[in-house]
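Data block below; observations after.
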Amino acid sequence: MNKKALSTDSYKGVRDFYPEDMAVQRYIFDTWSKTAESFGFQRYDASILEPSDLYRAKGAENEEMVNEQTYTFTDRGEREVTLRPEMTPTVARLIARKAQALSFPVRWYSIPNLFRYERPQKGRLREHWQLNCDLFGATHYSADVEIIALAHQLLLDFGATPDMFEIRINSRKVFVDFLKSVGDSVGLELSEETCLDILRLRDRQDKMQPEEYVKQLEKVIGSQEAYQIFAEQLHQRDNVTTFDSDGLDDLELVGKGLLALGITNIKRDSKISRGFDYYTGIVFEIFELDEHKKYTGRAMLGGGRYDNLTAMFGGTPVSGIGFGMGDVTMRDFLEEHKLLPENIKSTGTHVTVIPQTAEENLAAQSIAHRIRQAGFSVSTDIGTRKVQKKFTDAKDKSTKFSIIIGADEVKTGSITIKNLSSNQEETGQLAELMNFLSVA
Ligand code: HAM
């Protein structure tokens, strides 16, 4: 029988995390958590499985999203289940369920893995982890300023400098008001749905041929004459990139608020509209810049304000503002800018106990056990290689101390601990040597 061996490849578009990848992943998650907590955010989590209705709830567009871009299946109890493609509907569900008991404003963060059935490409995979920070129950624009300042700080805390990235900000509300006023000027009363169609079109604009975009925009607006006016007005608006007008709309207020905090790598960008329909106010994205201040690749972070998402669960709606930041683009960014710390591959192993031969394996385990009980991290190298090889290996793994156990050590109980960075050694009974181990 000639059975074909199974492939060792992972499923398409997902990653395996070998220890060296896991070390990077942990570093990213730890830094994310630290920064989020420094802004008073509390961590929450939920299951990766959600009832599919959570994503279907808002009409036909969502129907298409669930059918084509998610992992959805029917379980044995005939329930339709989806692997969460994003965290925002989930956190809205959690907030809505406890809205009566929570004391707002609530600041929550999580680092979920998300699944999207998309074509794997640079910066986009079928499974990614995403830091989600959301602030609920505060509608004042200072909440928007805080959320964007947090996004900014997240990058600084990895050692990035503001010239390495740019925050592009828009407001759906301000933009819809603008569209309506252009409509009024040409005698067209634009419905919310038409405005949303225009937003969706602009969100996809970069992925479309220019002629196709023009054709579709003309179709949405309905008249060739009105289209010309819209195209002109949109063009003018797209050229406004700074926050120095006298206007006091939420977009200007947020921009000026950020400038007042000393955050200057921000840009007003009326093309930012974000893919999800739930956003109602400020929307923003962060892009990596190269040394010529040019955008490279895809957005590293995206978010915005959503006023009505919790309303789908009934009860009084609670407004939220937040963002998601992906681990794939985060890692690319850190590698690109050489911001990953040198010692990241460290196993964290503090002490390696090396038996000379298999005879001493058990004695080595016993010494390791005692050192571990004293609060240190310890591993034993019970492999069959030569002691010198084991010793070199321990050094490579950034172990701080090594202890070689041979027949003499077993007999006398006297051991030698070597500090691998200073080459200093101490010999004696284990109990007397614990202080030496504390010297990092
Ligand atoms: P999003 O723009 O879909 O927003 O995703 C946010 C970030 O997650 C992106 O900027 C990117 O870094 C990362 N990301 C998204 N899709 C992928 C993928 N397929 N592979 C790798 N990375 C990816 C949201 O998901 C909103 N729910 C965020 C939010 C939270 N809005 C308010 N609160």
If you scan segment 1-44, which residues turn out to be assigned to a helix (DSSP H, G or I) and open to solvent by 60 Å² or more (accessible area, probe 1.4 Å)?
19, 20, 22, 26, 30, 34, 37, 38
Within segment 280-302, track down each residue that is more than 9 Å from the ligand (Cβ to nearest atom), of a type in the set (A, V, I, L, M) and either modelled with pLDDT under 95 or within 15 Å of the chain's Cα centre (by Cα) (or both).
289
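A quick yes/no check of all residues on (1) within 12 Å of the ligand (Cβ to nearest atom); (2) outside any strand (DSSP E or B):
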position	(1), (2)
103	no, yes
109	yes, no
131	yes, no
135	yes, no
143	no, yes
166	no, no
Quick check on residue 305: is it within 10 Å of the ligand (Cβ to nearest atom) and modelled with pLDDT under 90?
no
Filter result for residue 56 (at pLDDT 95 or above, away from the ligand (no atom under 13 Å from the Cβ) and either among the aliphatic types (A, V, I, L, M) or open to solvent by 20 Å² or more (accessible area, probe 1.4 Å) (or both)):
no
Assuming residue 71 fulfils every condition listed in (1) in contact (Cβ under 8 Å) with a residue 40 or more places away in the chain; (2) surrounded by fewer than 18 Cβ atoms within 10 Å (Cβ to Cβ); (3) over 23 Å from the mean Cα position of the chain (by Cα) apart from one, which condition is it?
(3)
Just one listed residue, out of 165, 178, 158, is out of contact with any Lys or Arg (no Cβ under 9 Å at 6 or more places or on another chain), closer than 27 Å to residue 278 by Cβ and hydrophobic (A, V, I, L, M, F, W, C), and it is 165
Can you pull out the residues in segment 207-265 that are free of Cβ contacts under 8 Å to residues at least 60 places away in the same chain and of a type in the set (Ser, Thr, Tyr)?
213, 223, 227, 241, 242, 245
Has segment 22-36 got any residue that is touching a Phe, Trp or Tyr at 6+ places or on another chain (Cβ under 9 Å) and of a type in the set (D, E, K, R)?
no
Part of a loop (DSSP other than H, G, I, E, B), crowded, with 21+ Cβ neighbours inside 10 Å and touching a helix residue (DSSP H, G or I) at 6+ places or on another chain (Cβ under 6 Å) - does that describe any residue in segment 186-193?
yes
Kindly establish whether residue 297 is crowded, with 17+ Cβ neighbours inside 10 Å, touching an Asp or Glu at 6+ places or on another chain (Cβ under 9 Å) and assigned to a strand (DSSP E or B).
no
Would you tally the residues in segment 269-279 being crowded, with 18+ Cβ neighbours inside 10 Å and either more than 22 Å from the chain's Cα centre (by Cα) or outside any loop (DSSP other than H, G, I, E, B) (or both)?
2
Residue count for segment 217-268, restricted to those that are part of a loop (DSSP other than H, G, I, E, B), open to solvent by 20 Å² or more (accessible area, probe 1.4 Å) and either in contact with a Phe, Trp or Tyr (Cβ under 7 Å, 6 or more places away or on another chain) or of a type outside the set (A, V, I, L, M) (or both)
12
Applying the selection to segment 326-339, what residues are more than 6 Å from the ligand (Cβ to nearest atom) and either touching a Pro at 6+ places or on another chain (Cβ under 8 Å) or not in a helix (DSSP H, G or I) (or both)?
337, 338, 339
Every residue in segment 308-325 that is in contact with an Asp or Glu (Cβ under 6 Å, 6 or more places away or on another chain) and either open to solvent by 40 Å² or more (accessible area, probe 1.4 Å) or more than 10 Å from the ligand (Cβ to nearest atom) (or both), please.
319
Could you please find all residues in segment 111-129 being basic (Lys, Arg) and more than 9 Å from the ligand (Cβ to nearest atom)?
119, 122
Number of the exception - residue 293 against (1) basic (Lys, Arg); (2) at positive phi; (3) in contact with a helix residue (DSSP H, G or I) (Cβ under 6 Å, 6 or more places away or on another chain)
(3)
All positions within segment 82-107 that are hydroxyl-bearing (Ser, Thr, Tyr) and surrounded by fewer than 18 Cβ atoms within 10 Å (Cβ to Cβ)
103
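The values are calculated or read from the model by the stated rules, or taken from the named source; none is laboratory data. Worth saying up front: this structure is predicted, and the values here are computed from it rather than measured. Using ideal geometry, Cβ is built from the backbone for each residue, glycine included, and neighbour counts are taken over all protein chains shown. Heavy atoms of the whole protein, side chains included, go into the accessibility calculation; ligands, DNA and RNA do not. Shrake-Rupley method; radii C 1.70, N 1.55, O 1.52, S 1.80 Å.
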